[in-house]
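What follows draws every value from the coordinates through simple rules; no lab data is involved. Note that the structure is a prediction, hence the values are computed from the model and not measured. So basically every Cβ, Gly included, is an ideal-geometry build from the backbone, and we count neighbours across all protein chains shown.
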Amino acid sequence: MSNEKIAIFAGGCFWCTEPVFSQLKGVSKVESGYIGGHTVNPTYKDICNGDTGHAEGIRITFDEAAVSFETLLEIFLVSHDPTTPNRQGNDVGTQYRSAIFCQDDAQMAAAKAMIEAFNAQQIYSVPIVTEVNGASQFYPAEDYHQYYFDKNPGNPYCLAVAAPKAAKIRAKYAQLIKG
């Protein structure tokens, strides 16, 4: 029996969210793509203006015996700003919104409970605005977007945004980082 599960998160530019999760033990694949919109087979060019309704997201394939959905969810909520609607840093628009696309009722319950707990503990000074949605069609992004950070470590955007996010998670969750 396989323990392989899927988690889908949107938390800004997928170039910056992918390296956060691809470094984790138990994660076998992180795929960048588009989710939560109304256009069939959107392209990067299509979603850039925000008219398709899609968010830039990542589809994480993970072994739940090695890393739980709750752990991935916690890392998601601390690796980006879940308190600002439709924005991550200089990236502005609905395509950069914070969202969780739950694959089943258990993920839905876990997401709602963790957001409630973060808000109750005042982890952030303002409430979390991350959308908690049901499953939605995920469209893989173009090949050049896949593992972009790994393929382009010297890219100025990656150095300024993706590298610090990945480093923050390596420091805070050192025990979960692949060897």
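General remarks:
- 3J(HN,Hα) couplings calculated from phi for region 88-97 with the Karplus curve 6.51 cos²θ - 1.76 cosθ + 1.60 (θ = phi - 60°) are, in sequence order, 9, x, 7, 8, 10, x, 4, 5, 10, 5 Hz; Gly and Pro show x.
- Taken as Cα centroids, region 43-58 and region 132-167 sit 14 Å apart, rounded to the nearest whole angstrom.
- Between amide H atoms placed 1.01 Å from N, distances below 5 Å from Val132 occur with Ile100, all of them 5 or more places distant or on a separate chain.
- DSSP bridge pairs, region 4-176: antiparallel proportion in percent, nearest 5: 90 percent
- Each label point was placed 7 Å from the Cα along the Cα-to-Cβ direction; for Asp91 and Ala117 their separation is 2.7 nm.
- The chain pair-distance distribution - Cα-Cα, 10 Å bins, rounded %: 10, 40, 39, 10, 0
- Calculated FRET value between Thr39 and Thr61, using beta carbons and R₀ = 25 Å, to 0.05: 0.50
- Per-residue HN-Hα couplings for region 130-143 [Karplus 6.51, -1.76, 1.60; θ = phi - 60°; Hz; x = Gly/Pro]: 3, 6, 10, 10, x, 4, 8, 4, 9, 10, x, 6, 4, 3
- Across the options Ile35, Met108, Ala166, the greatest Cα extent toward the positive end of the charge dipole of the chain (unit charges at beta carbon of Lys, Arg, Asp, Glu) belongs to Ala166.
- Cleavage-rule hits, trypsin sites (Lys or Arg not before Pro), region 122-179, DSSP coil, Cβ neighbours within 10 Å at most 10: Lys178
- Net charge in the neighbourhood of Cys48 (other residues with Cβ under 12 Å of its Cβ; Lys, Arg +1, Asp, Glu -1) is -3.
- Helical contribution to [θ] at 222 nm, DSSP H n ≥ 4, -39,500 (n - 2.57), averaged over the chain, rounded to 500: -8500 deg cm²/dmol
- Under 29 Å from Lys168, Cα to Cα: lysines that are on another chain or at least 8 residues apart: Lys5, Lys25, Lys29, Lys112, Lys151, Lys178
- Sequence-separation-based contact order of region 1-127, relative, with Cα cut under 8 Å and 6+ spacing, percent: 32 percent
- Counting other Cβ atoms within 10 Å as a rough exposure proxy, the listed residues Ser125, Ser79, Ser68 run Ser125, Ser68, Ser79 from fewest neighbours to most.
- Compared with the alpha-carbon gap, the fully stretched path from Ser68 to Asn152 is longer by 27.3 nm at 0.36 nm per residue.
- Computed about the Cα centre, the dipole magnitude for region 17-139 is approximately 180 debye when only Lys and Arg (+1) and Asp and Glu (-1) carry charge, each at its Cβ.
- Surrounding net charge for Ala162, when Lys and Arg each add one and Asp and Glu each subtract one, Cβ distance under 15 Å: -1
- One chain, two ends: Ala135 and Gln103. Fully extended at 0.36 nm per residue, the span grows by 11.0 nm beyond their Cα-Cα distance.
- Ranked Thr71, Thr17, criterion: other C-beta atoms within 10 Å, fewest first: Thr71, Thr17
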